[in-house]
1. Relative to a virtual label point 7 Å from the Cα of residue 110 in the Cα→beta-carbon direction, which members of segment 168-200 show backbone nitrogen distances below 11 Å?
2. In nm, to one decimal, how far is the modelled label at residue 97 from the one at residue 222, with both set 7 Å along Cα→Cβ?
3. Taking the full set of protein chains and a 1.4 angstrom probe, give the accessible area of residue 208 in square angstrom, rounded to the nearest 10.
4. Using a 1.4 Å probe and ignoring any ligands, DNA or RNA, find the accessible area of residue 192 and quote it in Å² to the nearest 10.
5. How large, in percent, is the carbon and sulfur part of the accessible surface of segment 127-171 at a probe radius of 1.4 Å?
6. How far apart, in nm, are two points set 7 Å out from the Cα along the Cα-to-Cβ line at residue 39 and at residue 138?
7. Could you give the nm distance between label points at residue 14 and residue 78, where each point is 7 Å from its Cα heading toward the beta carbon?
8. I'd like the FRET efficiency for residue 151 and residue 124, computed as 1/(1 + (r/R0)^6) with the beta carbon distance as r and R0 of 22 Å, rounded to 0.05.
Amino acid sequence: MKTSRRCRSLLSVSLNFFALLFSITAFMTTYWCVGTQRVPKPKCSKLRTHQCIDYGVNETDPNKVVYSWETGDDRFLFRQFHTGIWLSCEENIHDESERCRSFIDLAPLSEKGMLWLSLVSEMLYIILLVVGFSLMGLELVHSSNVIDGLKLNAFAAVFTVLSGLLGMVAHVMYCQVFQVTVSLGPPDWRPYNWDYGWSFCMAWASFTCCMGASVTTLNSYTKTVIEFRHKRKTFEQSIREEHAREAFGYFREHSVHSISKSVEVYSSQSLKSGRKTPIPADFLDFSDIAGSLGEEQC
């Protein structure tokens, strides 16, 4: 029982640790959603000679109009961007650096409340994961004491389940806010195409590990309680059987002792009074009596 319970505790702690690690990584990174943005090409200059629009210069007649024959998507650049809960970063078309903006400022006014609620839920999700991990660690240390281990196990399961529910709500609300921001956000930010990134996958992997840890903890608690009750029932049954055997032996010993004592008292009284003690018929062997009478007659 101790070995299996310790193995279940180790599994719960491991799953909770991975859930905590994945959630913190996803919360701090900016790759929840990735994609491209379509921006107009800048005007060509001496420093920039490619990926730009060259309108040309007519040195003989400055008033003459020069046309650019680039049409459609040829007039635009497609820069990469990645967005997290806090920040949204995109490539700078003028150099190789990135420009980052607060995603809270990019979200529409109607969605800011839901975005803040998503942020609070995500932080509570991480805090409850920390609490559940601490309780599971204490339960692993106190594995020798079954009662204390069960109490810690129960609290750890409750905190882990609550953290998983908060994490799921936070992830779903963020997805909704991002989809609305894609349609109603600033024109210079709206993505041309986008998809979910590795931070988003890591956030849902954290939720999966959290639910696995909660299920494992509840299973360990239930199985430990069932085993404890079964052992207690077996112990109580063995105690009752032992008491029954002791009581039976006690009454049998005292019954035999009282019967032998009564026979001795009755025999002594009969000898003192000079009367013969009647012998019960059950104790007489008539074959022996007949044999003795035959011997006397001969």
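The values are calculated or read from the model by the stated rules, or taken from the named source; none is laboratory data. All of these numbers come straight from a predicted model, not from anything done at the bench. No Cβ is skipped: glycine too gets one built from the backbone with ideal geometry, and neighbour counts run over all protein chains shown. These accessible areas exclude ligands, DNA and RNA; they are computed on the full protein's heavy atoms, side chains included. Shrake-Rupley method; radii C 1.70, N 1.55, O 1.52, S 1.80 Å.
1. 180-181, 184
2. The two pseudo-label positions are separated by 5.7 nm.
3. The accessible area comes out at roughly 90 Å².
4. Here the accessible area works out near 110 Å².
5. Its accessible area is 83 percent carbon and sulfur atoms.
6. 5.2 nm
7. If labels sit at residue 14 and residue 78, their model points lie 4.3 nm apart.
8. Given R0 = 22 Å and the Cβ-Cβ separation, E is 0.40.
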